[in-house]
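S.K.: Structure incoming, see below.
The values are calculated or read from the model by the stated rules, or taken from the named source; none is laboratory data. All values derive from a computational prediction rather than experimental measurement. Here Cβ is always computed from backbone atoms with ideal geometry, including for glycine, and neighbour counts include all displayed protein chains. Side chains are part of the model used for accessible areas, which takes the heavy atoms of the whole protein and leaves out ligands, DNA and RNA. Shrake-Rupley method; radii C 1.70, N 1.55, O 1.52, S 1.80 Å.
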Amino acid sequence: MRFAALASGSEGNALLVQHGSTLLMMDCGLPLREVKRGLHRLGLEPAQLSAILVTHEHGDHIGGVPALASAFNLPVFASHGTLSSAQAPFTRLPRLMPFDSHDPTPLVIGDLEICPIRVPHDTREPVQYRFDNGQHRLGVLTDLGSLTPHVVHCLTGVDALVLECNYEPDLLARGRYPARLQQRIRGPLGHLANQQAAELLTQLDCSRLQHLLAAHLSNENNRPELAQQALATALGCTPDWIGVARQRTGFDWRELH
Ligand SMILES: [Zn+2]
Ligand SMILES: [Zn+2]
C-alpha cells in the first residue's frame, strides 16, 4: 500500500491511497485540471481511479468532486449526513454511495477495507478514514476540533498517519483573522492545533508507525517547523522525520512495508 497527496489545506485537499489495482482518492477540493496535473506528477492517469471517498461537505474537500466523478464515472462514497447537506451538482452525481458512519462494518472497495471515523467538526456527519490492506493500516485525520476516545480507538496502532496540524494558537491570536473565525477554528468543532495533534500521539500506540505527516496546515496561522517540532517532541524523534503536506504540492508517494 502507498499513499500521497495532491494538495492539503483550506484551499483544497486531495489524498491518494493505492494498493494493487485499487486507487482511491480521499476528498477532492481541486479543479479538474489541477487534479490531472497532480496525478501526472505522481505517475498516474485519472482513469485509473477506482472511487472517491468524501469526508464532509466543506468546499476544500468536495469542491472538485462533481467534475472529477462525472468526467470518469466514479462512485462517490459519503455519509448520509454529508450527502444530505451537499448541493447540486454534487447531489446529482449518478453513482453516490451513502453510508452510515455509525455502522461498524467497514467499506470494501477493491483490495482495500475502509473504516469511516466520526469526528467533531462543524458539518452534518463528518468522518475521516482508516485504510487497511490486510497487512498495514493508514489513518488520515484532519478537520476536527477536538480529540475523542473514538478517534483514539480507531487510530491506535496504525502504520502511517496523516494528521492535522492546523494552527499555532499564538499565531492565530496575533493574526489577521476576525475574532469570530478565530473562535470557530479554536472551538471544539473547528480544527486541531499543533499541540492537540501532539497530544493525540501520546494517546496512541505508535510502535508500528512508519510515516507521520503533518497536514491541513494554515498558511496564515502555522509554520511547518512548528508543527514538526510539536509532533517530534511527542514522539521522541527528530523534527525532520515528520513529513509536511503542502497546500500546493501535497506530498510524494510514501510506501508501507
Ligand atoms: Zn478542510
Ligand atoms: Zn472542514
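S.K.: Kindly provide the helix-only [θ] at 222 nm of the chain, computed as the sum of -39,500 (n - 2.57) over DSSP H runs of four or more divided by all residues, to the nearest 500 deg cm²/dmol?
M.R.: Calculated mean residue ellipticity at 222 nm is -7500 deg cm²/dmol.
S.K.: Be a star and scan region 216-252 for residues whose amide nitrogen sits under 13 Å from the point 7 Å along the Cα-to-Cβ vector of THR202.
M.R.: Taking a point 7 Å out along Cα→Cβ of THR202, the residues of region 216-252 whose backbone N falls under 13 Å are 230-236.
S.K.: Run the numbers for SER21 and GLU220: contour at 0.36 nm per residue of separation, minus the present Cα-Cα distance, in nm.
M.R.: My answer for the length gained is 67.8 nm.
S.K.: If you roll a 1.4 angstrom probe over the protein chains with everything in place, what fraction of the accessible area of region 69-124 belongs to carbon and sulfur, to the nearest %?
M.R.: Carbon and sulfur: 51 percent of the exposed surface of region 69-124.
S.K.: Build a GNM of the chain with springs between Cα atoms under 10 Å: which of HIS216, HIS80, HIS121 gets the top mean-square fluctuation?
M.R.: Residue with maximal mean-square fluctuation among HIS216, HIS80, HIS121: HIS80.
S.K.: Among PRO31, HIS56, PHE77, whose Cα sits farthest toward the positive end of the charge dipole of region 4-153 (+1 at Cβ of Lys/Arg, -1 at Cβ of Asp/Glu, about the Cα centre)?
M.R.: With unit charges placed on the Cβ atoms, the residue in question is PRO31.
S.K.: Could you work out how far the C-alpha centroid of region 237-252 sits from that of region 92-112, in angstrom?
M.R.: The distance from the Cα centre of region 237-252 to that of region 92-112 comes to 29 Å.
S.K.: Additional query: Pop out the Kirkwood hydrodynamic radius of region 1-91 from its pairwise C-alpha distances, inverse of mean 1/r, in Å to one decimal.
M.R.: 12.9
S.K.: Then there is this: What accessible area per residue comes out for the chain, rounded to a whole number of Å², with a 1.4 Å probe?
M.R.: Result: 42 Å² per residue.
S.K.: Something else: How long is the gain from ARG246 to ASP100 if the chain were fully straight, where each residue apart is worth 0.36 nm and the alpha carbon distance is subtracted?
M.R.: Gain in length upon complete extension: 49.5 nm.
S.K.: How high is the relative contact order of region 126-257, in percent, counting Cα pairs under 8 Å that sit 6 or more residues apart?
M.R.: Relative contact order of region 126-257: 27 percent.
S.K.: Springs between alpha-carbon pairs under 10 angstrom, Gaussian network model over the chain: which of ASP240, ASP132, ASP159 fluctuates most?
M.R.: Answer for the Gaussian network model of the chain: ASP240.
S.K.: Continuing with this model, one more query. Could you give the length gained on full extension between VAL108 and HIS257, defined as 0.36 nm per residue of separation minus the Cα-Cα distance, in nm?
M.R.: In short, 51.5 nm is gained.
S.K.: Can you give me the span-like helices of the chain, meaning DSSP H runs with 18 Å or more of Cα extent along the axis and Kyte-Doolittle mean at or above -1.0?
M.R.: none
S.K.: If I take every Cα pair under 8 Å that is 6 or more residues apart in the chain, average their sequence separation and divide by the length, what percent do I get for the relative contact order?
M.R.: 20
S.K.: Hey, in the GNM for the chain with a 10 angstrom Cα cutoff, which one of GLN135, GLN195, GLN183 fluctuates hardest?
M.R.: Maximum among the listed residues: GLN135.
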